[in-house]
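These notes concern the structure reproduced below.
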Amino acid sequence: MSTTISHEAPAPIAAPPPPELAPLEINYLNHSYGIWSWLLTVDHKRIGILYLVSISAFFIIGGAAAGLVRVNLLSPTGAIMTEDQYNRMFTAHGVVMLFLFLIPAVPAVFGNFFIPMIIGAKDLAFPKLNLASWYVFMIGAGLAIWAVLAGGIDTGWTLYPPYSSRSSQSNVIPGVVGVFITGFSSIMTGLNIMVTIHKMRAPGMTWGRLPLFGWALYATSLIQLLGTPVIAITLTLLAVERAAGVGIFDPALGGDPVLFQHLFWFYSHPAVYIMIVPGMGVVSEVLTCFSRKNIFGYKAIAWSSMGIAVVGFMLWAHHMFVAGISFYSALLFSFLSMLVAVPSAIKVFNWTATLYRGSITFQAPMLFSLGFVVLFVIGGLTGLFLATLGTDIHLHDTYFVVAHFHFVMVGGMVLGYFAALHYWWPKMTGRMYSDWWSRVTASIIIVGFFLTFVPQFVMGYHGLPRRYPNYPAEFQIYHVMSTAGSSILGLGYLLPCFYLTLSLFFGQKATANPWSATGLEWQTPSPPPVFNFDTTPVVVCGPYEYAIGVDQMGRGLPEAPGASDNPASRHGQTAAPGPMHKETEVVG
């Protein structure tokens, strides 16, 4: 039996077709390219990013100035600067941080980006005005930065006459004009946000269903519209007096320097609430999300924002208890200063009640928000000493005031800003950042903050005046501790620059709702499409229905981060994610 062996080649195997590429999802970042597509955009989201990049640069400049001030104070006689250079440096820190970072931080960045999204709108009411506000801000900021870098301003950020109007040989008028111009940007942003919230809410988005971030930005916009024109007029009068020698504030020319303080603080104390109230709105969003509970006392928190906006205009003269105002005026303003603590305390108590027995997870936004609450409470309680006439006489213009102010503004507002940045970063960029590094950063910032400013309370209690480049040697140990703390604080501020930037290239792609939150902004892809929503959303629920596990459109929420790791953390979630049944429909 013979076997025949075939030498024919095997039939070729057909190559599989190349895999089909997934269609590119068009979003606000990739729908157009080129520098002009950004510089001429009217998309509220892109304008928010322009503000984010701008104020981040100014934050670095203001932080560098603060670092140089702290290094100089290592020595009782000044370590690296002369007295005049020191005056210009702490003025640069104050002007840049206050007018170019803290005031626009949350309203201009996150207000621009998210106010239309949280109310179900496709853009702000006046898109072109929105772009104009950024250009106006950059023109004013550029002039102010030039003033502080090309010779500087040596008057302090408060610009008190007659020194600022007669004696100072620094760049007072360019700095004043720069701040004056940025004020118009603040007015434009406030007007745009107020009109948008009034006129462009989605069907079903009643005032009782408006997220608390929207209430906070509405109250902030009210302050911006009513207060900013006053500082504009004040700075104009100061520039006229300095340039033309007209007697307005200079007593040598028949003016009244206390009048300047009245006008200046009529804006600048409400400006404190322009800075802090948006941070309160962010904290209200974050605490309820990461405790998986409905917000406690929604109406009380919402109306307390409006209360702060109104009462905040009535207590400017508590900055002037030692300036020569009448005793009876001082009594009234002391009482009003105590009164404004009431709406702030309402927020704190309701936040605490929201956390009680919640399913808390400690992601970075939650850590920053908890730090906000703790540091804000300390800053508020220490403010009571300054609102009390007897103790203010001793503590006025000491380091106690510096520490109090920074506990509220830096400990409060900057942590609120970082909470917002970490909470909404996945939505803004479509990428997740390092969970571990972000938690470490929050811890570093809080520790560094305490080490920086607690020693300043001690120095102020012992009567050490602020703004002096020289001090008695017995206070050196406290300044060394404060400078060491500022170094830790600076490290904490720099770390997000690295891990957030790396997340843009290497971060895990974010889902539409990575935090399992209830707001409308989380019902769009990450990053959002150009016009936010393919169809106008219809709101059927309140803003924080975590107890039944549905978003504002009545749809089930995805699993909360960390819930699978801790089954016991499901306390308070009584409904599994899924379509909302008719009988569970919630009205605002």
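The values are calculated or read from the model by the stated rules, or taken from the named source; none is laboratory data. Everything quoted here is computed from the prediction, not taken from an experiment. Positions of Cβ are generated from backbone atoms using ideal geometry, with glycine treated the same way; all protein chains shown enter the neighbour counts. Accessible surface is based on the protein model in full, side chains and every heavy atom, while ligands, DNA and RNA are left aside. Shrake-Rupley method; radii C 1.70, N 1.55, O 1.52, S 1.80 Å.
Restricting attention to region 63-80, and to residues there that are open to solvent by 30 Å² or more (accessible area, probe 1.4 Å) and of a type outside the set (G, A, S), which single residue is nearest to M481 (Cα to Cα)? Among them, the one singled out is L74.
Among the residues of region 143-157, which ones are open to solvent by 10 Å² or more (accessible area, probe 1.4 Å), closer than 20 Å to I103 by Cα and not in a helix (DSSP H, G or I)? Residue satisfying the conditions is W157 alone.
Of the numbered criteria (1) in contact with a helix residue (DSSP H, G or I) (Cβ under 6 Å, 6 or more places away or on another chain); (2) part of a helix (DSSP H, G or I); (3) of a type outside the set (D, E, K, R), the one V342 fails is (1). Before we move on, is M89 touching a residue at least 24 places away in the same chain (Cβ under 8 Å), open to solvent by 40 Å² or more (accessible area, probe 1.4 Å), farther than 30 Å from P543 by Cβ and of a type in the set (A, V, I, L, M, F, W, C)? For M89, the condition - touching a residue at least 24 places away in the same chain (Cβ under 8 Å), open to solvent by 40 Å² or more (accessible area, probe 1.4 Å), farther than 30 Å from P543 by Cβ and of a type in the set (A, V, I, L, M, F, W, C) - is met. A single member of V277, V311, V282, V286 is open to solvent by less than 30 Å² (accessible area, probe 1.4 Å), aliphatic (A, V, I, L, M), free of Cβ contacts under 8 Å to residues at least 40 places away in the same chain and out of contact with any Lys or Arg (no Cβ under 9 Å at 6 or more places or on another chain), and it is V311. Inspect region 96-108 for any residue being out of contact with any helix residue (DSSP H, G or I) (no Cβ under 7 Å at 6 or more places or on another chain) and surrounded by fewer than 24 Cβ atoms within 10 Å (Cβ to Cβ) and give the result as yes or no. Yes, region 96-108 has at least one match.
Residue check: is T382 assigned to a helix (DSSP H, G or I) and without any contact (Cβ under 8 Å) to a residue 12 or more places away in the chain?
no
Taken over region 201-224, the criterion of being among the aliphatic types (A, V, I, L, M), surrounded by 24 or more Cβ atoms within 10 Å (Cβ to Cβ) and not in a helix (DSSP H, G or I) is satisfied by M205 alone.
Checking each residue in region 529-545 for being touching a Lys or Arg at 6+ places or on another chain (Cβ under 9 Å), of a type outside the set (A, V, I, L, M, F, W, C) and surrounded by fewer than 22 Cβ atoms within 10 Å (Cβ to Cβ) picks out T536, G542.
Can you pull out every residue in region 393-436 that is in contact with a strand residue (DSSP E or B) (Cβ under 6 Å, 6 or more places away or on another chain) and open to solvent by 10 Å² or more (accessible area, probe 1.4 Å)? Listed by number, the list holds a single entry, D397.
Whenever a residue of region 171-191 is in contact (Cβ under 8 Å) with a residue 60 or more places away in the chain and within 19 Å of F113 (Cβ to Cβ), its partners that are open to solvent by 10 Å² or more (accessible area, probe 1.4 Å) and among the hydroxyl-bearing types (S, T, Y), lying with C-beta atoms within less than 9 angstrom and at least six residues away or across chains, give the pairs S185/Y135. Residues in region 123-142 that are within 19 Å of I61 (Cα to Cα), surrounded by fewer than 20 Cβ atoms within 10 Å (Cβ to Cβ) and hydrophobic (A, V, I, L, M, F, W, C): M138, I139.
Each row is one residue, and each column tells you yes or no for (1) touching a residue at least 24 places away in the same chain (Cβ under 8 Å); (2) touching a Cys at 6+ places or on another chain (Cβ under 9 Å); (3) open to solvent by 20 Å² or more (accessible area, probe 1.4 Å); (4) not hydroxyl-bearing (S, T, Y).
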residue: H462; (1), (2), (3), (4): no, no, yes, yes
residue: P465; (1), (2), (3), (4): yes, no, yes, yes
residue: N470; (1), (2), (3), (4): yes, no, yes, yes
residue: A473; (1), (2), (3), (4): yes, no, yes, yes
residue: V480; (1), (2), (3), (4): yes, no, yes, yes
residue: S486; (1), (2), (3), (4): yes, no, yes, no
